[in-house]
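This report refers to the structure that appears directly beneath it.
The values are calculated or read from the model by the stated rules, or taken from the named source; none is laboratory data. Keep in mind the model is a prediction, meaning the values are calculated, not measured. Using ideal geometry, Cβ is built from the backbone for each residue, glycine included, and neighbour counts are taken over all protein chains shown. Accessible surface areas use protein heavy atoms only, side chains included; no ligands, DNA or RNA. Shrake-Rupley method; radii C 1.70, N 1.55, O 1.52, S 1.80 Å.
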Amino acid sequence: YQPMLVDGRIWTFSVSGDVTGIDSIDNQWSFYYYKVDGDSVVNDEVYKKVYKSYYNKTDWNLYCLMMEDVEEGKVWKYDYSYISKQYYKDLIFDFTLNVGDRLKNSSHICNEIKYIKDQKGNILKRMDFGEFYWIEGYGYEYIILDGVSYYLSSVEDENGFIIDCSKGLEYYNPMVVDGYSWNIITSSSLMLPDTKMYSTQKQKIEGDSIIDGIVYKKLWLYSDANSDKRSLITLVREDIEEQKIFVYDK
């Protein structure tokens, strides 16, 4: 898990006031910047200070307080409720969600999970909620705030760009995943001319096996696509960072 709230990190969002993607000011893009800088203690909990700057990176104003649990992969915002007239801690990112899980207090469901590679070579989870995306450690790729469209242009720190969206993002979808299955269609020729018989078998990844301290996934062969009878074909593992798949072989 790549942490999000790191001192010195800056988000650049390009902003448009309508669906054309062109801002009404001189028909040019506008840019908003967010920066993490410093701590603040509230109710014995340590929050990070998030500052915002309009159109430049010099006039910083305190925007909000945020907190992150790196082990859990969750991010909270210290927010104010106009209903209860008090401040509260609101969960705004939960990178432990799986496909089909519903976002807290929302109708949005995680539709798909992909992986991208940032400029430093880190593999990051990218979660699709239909109208917006989350990028692990970096937040929203696209979001609408106050009726204005925000597009993530880049994320950077003192050492330069971490993600530059103008250069595109590299995607890699893992293949060795519990529950993934393939229907394999095979054919064989019969004695009759121009006649073939087709059959379907299913291969499915399910369960783990540890060999010499290395975790492999079990690849099963089912007698047909609808049968529960299966036999173990082999063991496989995947290196997502290297984008390689290995099979355990005697």
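Quick look at the values:
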item: Ser106 open to solvent by 90 Å² or more (accessible area, probe 1.4 Å), small (Gly, Ala, Ser) and modelled with pLDDT under 85; result: no
item: Members of segment 201-250 found to be among the polar types (S, T, N, Q) and under 20 Å from Ile113 (Cβ atoms), listed by number; result: Gln243
item: Index of the failed condition, Tyr32 passing every other in (1) over 24 Å from the mean Cα position of the chain (by Cα); (2) modelled with pLDDT under 90; result: (1)
item: Any hit, segment 119-137, residues being small (Gly, Ala, Ser) and within 23 Å of Lys48 (Cα to Cα); result: yes
item: Checking Glu71 against (1) within 26 Å of Asn173 (Cβ to Cβ); (2) in contact with a Pro (Cβ under 7 Å, 6 or more places away or on another chain), the condition it does not meet; result: (2)
item: Tabulated pairs, segment 225-250, first loosely packed, with under 13 Cβ neighbours inside 10 Å, second of a type in the set (S, T, N, Q), C-beta under 7 angstrom, 6+ apart or interchain; result: Lys229/Ser223; Val247/Thr234
item: Hey, Gly21 open to solvent by less than 40 Å² (accessible area, probe 1.4 Å) and either closer than 23 Å to Lys117 by Cβ or at pLDDT below 95 (or both) or not; result: yes
item: Some residue of segment 123-138 being open to solvent by 60 Å² or more (accessible area, probe 1.4 Å), modelled with pLDDT of 85 or more, touching a Cys at 6+ places or on another chain (Cβ under 7 Å) and in a loop (DSSP other than H, G, I, E, B); result: no
item: Matching entry among Asn98, Asn111 (being at pLDDT 85 or above, of a type in the set (S, T, N, Q), surrounded by fewer than 17 Cβ atoms within 10 Å (Cβ to Cβ) and within 25 Å of Ser153 (Cβ to Cβ)); result: Asn111
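Okay, residues lined up against (1) of a type outside the set (Phe, Trp, Tyr); (2) open to solvent by 100 Å² or more (accessible area, probe 1.4 Å):
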site: Val50; (1), (2): yes, no
site: Tyr55; (1), (2): no, yes
site: Thr58; (1), (2): yes, yes
site: Cys64; (1), (2): yes, no
site: Asp69; (1), (2): yes, no
site: Trp76; (1), (2): no, no
site: Ser81; (1), (2): yes, no
site: Lys85; (1), (2): yes, yes
site: Leu91; (1), (2): yes, no
